[in-house]
Amino acid sequence: MTAAPSDDDPSDGRAPRGALPALAGLAGVPRHTAAQAWGNVRDWATHGHLADTRRMPRLPIHHGDGYTVYRYEPTAPVDPALAPLLLVPPLGAPDFAFDLRRGASLVEDLLATGREIVIVTYDATGPAAGRRGLELWVDEIVPAALYAIADRHGDSAVHLAGWSLGGLFALLAAASGVSGAPIRSVTAFASPVDVSAVPLVAPFRSVAEYTGGRIFSAAYRTLGSFPATAVKWAFQLTSVERYLTKPVTLATHLDDRELLEQIEAVDLLMAGMTAYPGRAFGQIYHHVIRSNDLAEDRLRLAGRPVRLADVEVPVLLVAGADDVIAPVAAVERATELLTACPDLRFDVRPGGHLGVLAGRRARENSWHDLREFLTAHDDS
């Protein structure tokens, strides 16, 4: 589950030279694909990359303590009939997961429809970062971003869409009710509600049960955060087989430009992982991993219950068929808890944890679901 490099970063966001070392050879490439393969090798050798990972232009519209709200520059005339959409990234992963590369960017796709797209980003550094808890995102950051957008649209309600933990932030913000934020609908991509259905979490739950949670508590309190390196390792662990076979995949698919671009863009995303704030990670560990409070709808933040049963806006849940971080059953559990939703949809689409959001098949699957869902509730 997973604040992102800021737009002040002087780099252009492209993968570094040398990111695709397997392009050095063409052994095993079928003869009829040699031309495409050599073309890819030539382009990589000339430019140092294949993927176009330049970010869609955006400008800040609101600054807060530890977060910034950006509005993406339109690429098509903005349609006033389409309500704006706020994207909510998770902790730990760069916000450009929504804008992975040209051709595999949800932001690019939605902008082309004439919808206004906005994103909230988080500052993962600074002296106060480690003390930020989940209630900050649920009760302050997400609502403040929503109000900043609504103020520009005559106080009209705003669509919310989050990925992974960002999807849970969106759902909990709709459930909280403290801020009265103007939420039109919520979409959650790959957001696990029931961690008992996540095999990778089982060992941590066992250790927590045996030790009473003391080992992990001592670790994150000492470090002040869950380190970025550990976040990256955790993501890689979920697809260790792909990482081990990556050199072979590259060497045998030199003619597949789109695959090579996707691998390069995902590597760039993995290199941008950031640390989890210590307090937020502690809450996730104790209330989500150890006690599975979300699955039982008994989560408490800032001393009060925040229940999915209190969400009263339309909700779309999208699960990745091959997701091991948020398996289908872990996402589907939310359908049993969101009992007050006027329109509750649950879709299983191709891809893993990132693939369901930014994979090569997302455009005709999960992106299609999102576009259809948003359109259905633009006038609600």
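The values are calculated or read from the model by the stated rules, or taken from the named source; none is laboratory data. What you see is a predicted model, and the numbers here were worked out from it, not measured in a lab. In this analysis, Cβ positions are derived from the backbone assuming ideal geometry, glycine residues included, and neighbour counts consider all displayed protein chains. What goes into the accessible areas is simple: the full protein's heavy atoms, side chains included, and nothing from ligands, DNA or RNA. Shrake-Rupley method; radii C 1.70, N 1.55, O 1.52, S 1.80 Å.
Between residues in the range 355-380 that are closer than 17 Å to ALA112 by Cα and residues that are surrounded by fewer than 14 Cβ atoms within 10 Å (Cβ to Cβ) and of a type in the set (A, V, I, L, M, F, W, C), which pairs lie under 8 Å by C-beta distance while being six or more apart or on different chains?
Qualifying pairs under 8 Å: ASP378/ALA81.
Whether any residue in the range 58-77 is among the hydrophobic types (A, V, I, L, M, F, W, C), out of contact with any strand residue (DSSP E or B) (no Cβ under 7 Å at 6 or more places or on another chain) and over 24 Å from LEU316 (Cα atoms) is what I want to check.
Scanning the range 58-77, I find at least one residue that is among the hydrophobic types (A, V, I, L, M, F, W, C), out of contact with any strand residue (DSSP E or B) (no Cβ under 7 Å at 6 or more places or on another chain) and over 24 Å from LEU316 (Cα atoms), so the answer is yes.
Tell me, which strands (runs of 3 or more DSSP E) lie completely within the range 1-103 with 1 or more residues that are modelled with pLDDT under 95?
58-64, 67-72
If THR68 satisfies every condition in (1) open to solvent by 40 Å² or more (accessible area, probe 1.4 Å); (2) among the polar types (S, T, N, Q); (3) under 21 Å from ALA170 (Cβ atoms) but one, which is the exception?
THR68 satisfies every listed condition except (1).
Run GLU364 past the list (1) in contact with a strand residue (DSSP E or B) (Cβ under 9 Å, 6 or more places away or on another chain); (2) under 23 Å from PHE98 (Cβ atoms) and report the number of the one that doesn't hold.
Condition (1) is where GLU364 drops out.
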